[in-house]
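Here's the structure we're looking at; comments come further down.
Here, each number is a calculation from the coordinates, and none is a lab measurement. No experiment lies behind these values; they were computed from the predicted model shown. No Cβ is skipped: glycine too gets one built from the backbone with ideal geometry, and neighbour counts run over all protein chains shown.
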Amino acid sequence: MSCPKSGVFLLSFLLLVIADSIFAQNPIITNQFSADPSAHVFGDRVYLYPSHDILGKLGQGRPNWFCMEDYHVFSSDNLTEWTDHGVIVSQGKVNWVNPTGFSMWAPDCAYKNGKYYFYFPAPAKDTTYGKGFSIGVAVSDSPYGPFTPESKPIQNVHGIDPCTFVDKDGQAYLYWAQGNIYVAKLKDNMTELASEPQVIANLPEKGLKEGPFLFERNGVYYLTYPHVQNKTECLEYSMSNSPMGPFKVSGVVMDESPTGCWTNHQSFINFKGQWYLFYHSNDLSPKFDKNRSVRIDSLFFNADGTIRKVIPTLRGVGLTNASKKIQIDRYSRISEKGISIAFIDSLHTFDGWKTVFEAKGAWIQYNGVDFGNKRYKLMNVRAFSKTGGVLQLRLNNANGPVVAKINIPHSKVWTNVKVPISGLKSGVQDLVLMSLDGRPVDVDWISFE
Ligand code: FUB
């Protein structure tokens, strides 16, 4: 969904200057936990509306469960550098929400007629609106807020995981989950239903379904949803020629999490001609899967319109500028032996990861480093080695030409090592860092100047 460019985007630019910048591959948000990503293209930027998992304290919602107090919005114009615009809605500032619920679950945002509508589920303060979750709306003139919450939740809607879809004819639809997946038309004001909620039929009956996200491509409407077929949630989809169905179950977009993260949650965008899948895993909290992190990978369609399964990657999407810190632990490929990825400090996972080289010939490959037209002469390596060790930088693959030899000195602390490079071509390159002597070396990042 796109919207007219206006003064809003000038203001947006000014705000970006003061907002927080984050650079990352997968996971894309590394300054906090983030889950249930709902991504949209508004103007020439991608806006991301995730849930905000926190580690709950005693009295904050249900112990050892999801704990969410507020929502941030993030934006990017290249999918690799994200700006955190800060909190847009929090439980204490919506008068109908239980301020001790800590259950601000999966949200969504839509644009219509010059306004942005942010939809969020939360338990209400009292039972006037029914038990369990209701769904509220907050309205803004810009995609990053300020959002003003409506004083009441949407009438006749009970459940979680709202998703809004505005069709080409301007008709908006609201989808949500409550055991089944429901749909209703929205009125032009986007805050009230225009039709009775109806259960979407023909979806899998066995196993939990939640998190509906609907998008349209070439006249086909894709209803996507996490579904538990076996132990944890897969991302699945159904296709139709109408936003209200009937839908036909069509396949799996992403298999169960390889790390055992019980939930997954998805959104899809087409940005500058490429389709992307936003989803989540528990990268920054491997021992507690209710503290999740948003990821992105590229998505492709078959000629018949069906979706090709997405294999989750650490490398994620987009190019990485050669002069920035290149986190090679978010690799494209890795040798089978003698190398591993670990947290820099397992007690402070937000410090990120390192690559641990432990055998001669072990290598890691990071694709898509953009050297542009600049003539780079030096390589920086942030490394740690108690013994000292020798690494090599190659181009293209593990057998490609050597462009740098890096002697890492033995040290008790992390050290920045600078070495000359030769034979490096301009443009976009795939890089391989390899251990030449097998002595143990940890690498945090590399960069070029
Ligand atoms: O984030 C809390 C809940 O977990 C969401 O509402 C579901 O979709 C699942 O991801």
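Distance from the alpha carbon centroid of the range 410-442 to that of the range 96-158 works out to 49 angstrom.
This model, with +1 at the C-beta of Lys and Arg and -1 at the C-beta of Asp and Glu, gives the chain a dipole about its Cα centre of some 1280 debye.
Remark: Ser332, Ser422, Ser103 ranked as Ser422, Ser332, Ser103, counting other beta-carbon atoms within 10 Å and listing the fewest first. Helix 7-18 axis versus longest C-alpha principal axis of the chain: approximately 40°, rounded to the nearest ten. Exposure proxy for Tyr376, Tyr47, Tyr279: other Cβ atoms within 10 Å of each Cβ, ordered fewest to most, give Tyr376, Tyr47, Tyr279. Residue-wise HN-Hα couplings along the range 136-146, as the Karplus relation 6.51 cos²θ - 1.76 cosθ + 1.60 with θ = phi - 60° gives them from phi, are x, 10, 10, 10, 8, 8, 9, x, 10, x, x Hz; Gly and Pro carry x. Using C-alpha pairs below 8 Å separated by at least 6 residues, the relative contact order for the range 207-261 is 28 percent. Each residue of the range 345-361 is assigned a 3J(HN,Hα), and the resulting list reads 9, 5, 8, 10, 5, 5, 6, x, 10, 9, 9, 10, 8, 9, 8, 4, x Hz, derived from the Karplus form 6.51 cos²θ - 1.76 cosθ + 1.60 (θ = phi - 60°), x at Gly and Pro. Proximity of backbone amide H atoms, modeled 1.01 Å from N, is registered between Gly368 and Gln429, Asp430, Leu431 at under 5 Å, excluding neighbours fewer than 5 places apart on the same chain. Neighbours of Phe343, meaning other residues whose beta-carbon lies under 12 angstrom from its beta-carbon, give a summed charge of -4 when Lys and Arg score +1 and Asp and Glu score -1. Only lysines eight or more places from Lys377 in sequence, or on another chain, were considered; those with a Cα closer than 30 Å are Lys324, Lys325, Lys354, Lys360, Lys386, Lys405, Lys412, Lys418, Lys425.
Radius of gyration over Kirkwood radius for the chain, both on Cα atoms: the Rg/Rh ratio is 1.00. Backbone amide hydrogens, once placed in the peptide plane, bring Ser411 within less than 5 Å of Ser385, Lys386, Thr387, Gly388, excluding anything fewer than 5 places away on its chain. Output the relative contact order of the range 320-448, whole-number percent, from Cα pairs under 8 angstrom with separation of 6+ residues. Reported relative contact order: 36 percent. From least to most packed, judged by other beta carbons within 10 angstrom and beginning with the fewest, Lys325, Lys354, Lys425 follow the order Lys425, Lys325, Lys354.
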